Amino acid sequence: YSISEEEGAKVRLDAGYDGKPGLLFFGDITKSNTARTKGGGDVATTIEAGDGERSLLETYVEISVASGGTNRQVVDQLIREMGLVRGVVRDLPNKAFPKGYSFSGRARGAMDEMVLAAGFRWSVQNGEIQIVPRAEGTGEEAAVVSAATGLLNTPTRGTSGEQSADDSLAYDWKFETL
């Protein structure tokens with residue numbers, strides 16, 4: 001078994017019971033490894049992936065909006081440039097730029113400028129961009145991962161916390177399921 005790390009390779013993880021699978025994760029494969037286990041009888045594949053990883057790291061933009069253009073126009077253009085799908089976008093205030101707006105650099109930097117200044121936060125969830133007020137969620141039901149739903153062992157937090165756009169630390173979590 002071989003997992004592709006080619007440009008654009010993605011992974012999708014669905015799980016559920018009683019014929020009702022739900023999407024748990026959809027993202028870009030950043031690293032993979034397939035090897036025989038210590039006993040030699042099984043083959044294990046380890047996949048490292050990030051949700052919207054390539055879009056967030058590799059999309060550079062040159063944006064120029066004329067006088068009267070709005071932050072919503074910029075956000076819509078950024079979503080298109082990053083190749084993402086518009087997910088939940090909650091009541092982002094529509095702010096006009098009286099002198100116009102220009103930006104050159106990583107698309108995520110421009111998204112930070114547009115969203116954080118309005119008191120909102122943004123993230124990529126299963127290939128869709130989510131924009132919500134800082135203290136709120138999307139209102140969507142979260143997947144429950146517990147012993148009752150097939151969790152094995154205790155989840156462990158990765159050691160490399162990165163500073164996220166809203167100044168919180170983002171950690172990698174590892175868990176095993178049935």
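For segment 85-120, which trypsin sites (Lys or Arg not before Pro) are in a loop by DSSP, counting at most 12 other Cβ atoms within 10 Å?
Values: sites: ARG86, ARG90, LYS95, LYS99, ARG106, ARG108; in loops: ARG90, LYS95, LYS99.
Those satisfying the criteria are LYS99.
Taking only the alpha-carbon positions of segment 1-93 and ignoring solvent, what does the Debye formula give for the base-10 log of I(q)/I(0) at q = 0.11, 0.15, 0.18 Å⁻¹?
With no solvent term, the Cα-only Debye profile gives -0.53, -0.80, -0.98.
Name the lysines eligible as straight-distance cross-link partners of LYS174: C-alpha to C-alpha under 28 Å, and not fewer than 8 places from it in the same chain.
LYS10, LYS20, LYS31, LYS38
Return one quarter of the surface area of the convex hull spanned by the alpha-carbon atoms of segment 44-126, equal to its mean projected area, in nm².
Details: hull surface 24.0 nm².
With every direction weighted equally, the projected area is 6.0 nm².
I want the local charge near ARG72. Using Cβ-Cβ distances under 11 Å, sum +1 for each Lys or Arg and -1 for each Asp or Glu among the other residues.
Numbers: positive: LYS95; negative: ASP76, ASP91.
Result for the neighbourhood of ARG72: -1.
Quick check for me: using +1 on Lys/Arg Cβ and -1 on Asp/Glu Cβ, what's the dipole size of segment 62-110 about its Cα centre, in debye to the nearest 20? Could the numbers behind the result be given before it?
Details: 8 positive and 4 negative charges, 24 e Å.
Computed about the Cα centre, the dipole is about 120 debye.
Quick one: accessible surface of ILE131, probe radius 1.4 Å, all protein chains present, in square angstrom to the nearest 10.
Around 0 Å² of this residue is reachable by solvent.
The values are calculated or read from the model by the stated rules, or taken from the named source; none is laboratory data. For clarity, every value in this text was computed on a predicted model and none was experimentally measured. All Cβ positions, glycine included, derive from the backbone under ideal geometry; neighbour counts span all protein chains shown. Note: areas computed on protein heavy atoms with side chains; ligands, DNA, RNA excluded. Shrake-Rupley method; radii C 1.70, N 1.55, O 1.52, S 1.80 Å.
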